[in-house]
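Have a look at the structure below, then the notes.
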Amino acid sequence: MCGIVGYTGTDPGLSALDVVLGGLRRLEYRGYDSAGVALQTPDGIVMLKRSGKLARLTEALEAEPLPAAVTGIGHTRWATHGGPTDDNAHPHVGTGGAVAVVHNGIIENFATLKAELQADGVDFASQTDTEVAAHLLAREYATTGDLSSAMCAVARRLEGAFTLLAVHGDVPHTLVAARRNSPLVVGLGEGANFLGSDVAAFIAHTRDAIELGQDQVVTITPHSVSITDFLGAPVQGKPFHVDWDASAAEKGGYPTFMAKEINEQPHAVADTLLGRTDVAGRLTLDELHMDEQVLREIDKIVVIACGTAAYAGQVAKYAIEHWCRIPVEVELAHEFRYRDPVVDQRTLVVAISQSGETMDTIMAVRHARELGARVIAVCNTHGSTIPRESDAALYTHAGPEVAVASTKAFLAQITACYVLGLYLAELRGTKSREQVGEVMAQLQAMPDKIAKVLQGLDQVRRMARWMADTRSVLFLGRHVGYPVAMEGALKLKELAYIHAEGFAAGELKHGPIALIEPGQPVFVIVPPPDEPHSLHGKVVSNIQEINARGARTIVIAEEGDDDVVPYASEVIRIPASPVLLSPLLAVVPLQVFACELASAKGLDVDQPRNLAKSVTVE
Ligand code: F6R
């Protein structure tokens, strides 16, 4: 939520405004209620901000150009305190207008601080919590004359979550930032340095970066980066190199980022499997750095995640329990923390997060560790908070996911969790190396099968277009098909603003079947016919039941599964696969359906209303 970018450089030919706007364009997925920039010029800080998407700001900048500058900051907002108006857009300035501040997060004690500042005669120009930080910083700088120590002093007074980034008219070529519970990374250039909510902010300029820890202040000039804690004591940042480049963060000829990311799924799965086996074919997870004895002794796994990542966890539960014979609970991270969970040293917590910055999941990770659990992060974003605060990390290699609705990260999360499950199964002796090798080979065959699904979706696109006026769609699945059904419903809700529900097909007769009326569209995910528990037959019966009540049944079934044909209005074919791996295929038509239907309704597929990519508030 909210994207932050900062730049300072020596090259007079590289305008800070261009760098900052380029960064904001790549960060706009984080929030798109309003946007603004502030530049440092010889005449002090100049600033422009507008409510609405970034395009409104760029139009305003054309109408009212700002002077040239080589140091600047920018912000794209997802409103929390104060509606999305021009006044509430960031940056905010402190009294006198010499310092400009952008902020991501929520300052929980802002009301007390605001009252204190108002009692001192400070006037406020917005309803935001951020403005408090701008006034405090102006006041501290006036006392100390040092921007870094002024930022430390402000950070010590704030409670809640914040990344603050500031530029001062009297301190040339310098940006100062502080972070607590909100993301911030440093980009290292030649004669230039950058700050961003994530590396996408500066990926067009550098792939070398530094992770910042919790409660740290960083000061950058074009030639230096210095990091301290909130008391001003120097600390070391952790350097890392980004393994994708700016082109990966562009649309690459697709109409939307979501369309591009759906099409990248074969690579996301293949790359997540890369390098996970040694020369002897043994599954190795060197990056885990976790004591094997500890992993042998765990007696329970709890997956914590939100939204799509939680559905990936629900899919993984079926596989991990089957392979490892360890009970697996899947819990929404925001519920986990507040229900006194039974977790101890023998619990392995798996925190799944694409962004690594979801505040609900961060808080759950912290709580789990306080209770003594070991935490493994399954994450797509290097340098982010969740892997940094976990005991170990298993990275998905999906590449940057820009569209707000998660697609390729979901497949990569399932894949990484499966690799983890197989690793644990071999380690704990519930599966032999040969058995693990067999499943790995089946997993390695999945990218080609996903590519095949992607090639055969014209029927889904057509259906989505003529169903654009549909007001409600139901999704049914069983076993691993159940979380896939819920994920299909989530995609449709968030992209097309249509009422959609995913149900366990077996639950239908316990209530939801009352929803079925003539013409009601129902997607049904059919398990493979050779799956061992005869679920296939039961799901075919469910299709018959709803077909008999007039539903329009859209059935996702394996090639060659003809049992479904008599009761299906439409059959969408996917290649044969073992049941546990079938979610990697079955979800793809549902993603494409939601994307196409939303496009047919003329909606913004990449930036659905009210949402933001990375939910950094609780
Ligand atoms: C839905 C979606 C969200 C995220 C959820 C968790 O399409 O993208 O439900 O999955 O907000 O986000 P991460 O994985 O970044 O923790």
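Exactly one residue out of 571, 592 is modelled with pLDDT of 95 or more and touching a Leu at 6+ places or on another chain (Cβ under 8 Å), and it is 592.
Results for (1) of a type outside the set (Lys, Arg); (2) part of a helix (DSSP H, G or I); (3) buried (at least 16 other Cβ atoms within 10 Å of the Cβ), shown as yes or no for each residue.
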| position | (1), (2), (3) |
| --- | --- |
| 205 | yes, no, yes |
| 210 | yes, no, yes |
| 219 | yes, no, yes |
| 228 | yes, no, yes |
| 232 | yes, no, no |
| 240 | yes, no, no |
| 253 | yes, no, no |
| 258 | yes, yes, yes |
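Quick check: is even one residue across region 431-452 within 16 Å of the ligand (Cβ to nearest atom), under 29 Å from residue 608 (Cβ atoms) and assigned to a helix (DSSP H, G or I)? So far as region 431-452 goes, no, none of its residues is within 16 Å of the ligand (Cβ to nearest atom), under 29 Å from residue 608 (Cβ atoms) and assigned to a helix (DSSP H, G or I). Scanning region 340-363 for residues that are within 14 Å of the ligand (Cβ to nearest atom), among the polar types (S, T, N, Q) and under 17 Å from residue 316 (Cα atoms) yields 353, 354.
Under the condition of being of a type in the set (Lys, Arg) and either closer than 25 Å to residue 459 by Cβ or more than 12 Å from the ligand (Cβ to nearest atom) (or both), which residue from region 573-618 is farthest from the chain's Cα centre (by Cα)? Per the stated criteria, the residue is 573.
From 161, 155, which residue is touching a helix residue (DSSP H, G or I) at 6+ places or on another chain (Cβ under 7 Å) and either among the hydrophobic types (A, V, I, L, M, F, W, C) or crowded, with 24+ Cβ neighbours inside 10 Å (or both)?
161
So that you can scan it fast, the table gives a plain yes or no per residue for (1) assigned by TED's automatic domain parsing to the domain that holds residue 400; (2) in a helix (DSSP H, G or I); (3) modelled with pLDDT under 95:
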site	(1), (2), (3)
28	no, yes, yes
32	no, no, yes
47	no, no, no
50	no, no, no
59	no, yes, no
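Hey, any hits in region 315-337 for a residue that's part of a helix (DSSP H, G or I), among the basic types (Lys, Arg) and either within 16 Å of the ligand (Cβ to nearest atom) or in contact with a helix residue (DSSP H, G or I) (Cβ under 7 Å, 6 or more places away or on another chain) (or both)? Within region 315-337, none of the residues are part of a helix (DSSP H, G or I), among the basic types (Lys, Arg) and either within 16 Å of the ligand (Cβ to nearest atom) or in contact with a helix residue (DSSP H, G or I) (Cβ under 7 Å, 6 or more places away or on another chain) (or both).
Conditions (1) modelled with pLDDT of 95 or more; (2) away from the ligand (no atom under 13 Å from the Cβ); (3) out of contact with any Cys (no Cβ under 8 Å at 6 or more places or on another chain); (4) more than 23 Å from residue 447 (Cα to Cα), marked per residue:
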position	(1), (2), (3), (4)
368	yes, yes, yes, yes
373	yes, yes, yes, yes
378	yes, no, no, no
384	no, no, yes, yes
388	no, yes, yes, yes
399	no, yes, yes, no
402	no, no, yes, no
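When restricted to residues that are in contact with a strand residue (DSSP E or B) (Cβ under 9 Å, 6 or more places away or on another chain) and part of a helix (DSSP H, G or I), region 108-127 contains 2. Among the residues making up region 495-537, those that are closer than 20 Å to residue 315 by Cβ and touching a Lys or Arg at 6+ places or on another chain (Cβ under 7 Å) are 500, 504, 505, 506, 527, 535.
Let's see how each residue does on (1) within 22 Å of residue 265 (Cα to Cα); (2) touching a helix residue (DSSP H, G or I) at 6+ places or on another chain (Cβ under 8 Å):
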residue: 448; (1), (2): yes, yes
residue: 465; (1), (2): no, yes
residue: 471; (1), (2): no, no
residue: 481; (1), (2): yes, yes
residue: 507; (1), (2): no, no
residue: 513; (1), (2): no, yes
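Considering only residues that are surrounded by fewer than 22 Cβ atoms within 10 Å (Cβ to Cβ) and out of contact with any helix residue (DSSP H, G or I) (no Cβ under 9 Å at 6 or more places or on another chain), which ones fall in region 353-400? 370, 371, 372, 388, listed by residue number.
Among all residues of region 272-288, there is at least one that is surrounded by 22 or more Cβ atoms within 10 Å (Cβ to Cβ), assigned to a helix (DSSP H, G or I) and outside the structural domain of residue 582 (by TED's automatic domain parsing).
The values are calculated or read from the model by the stated rules, or taken from the named source; none is laboratory data. As the structure is a computational prediction, the values presented were derived from the model and not from experiment. Every residue, glycine among them, receives a Cβ derived from its backbone with ideal geometry; neighbour counts consider all protein chains shown.
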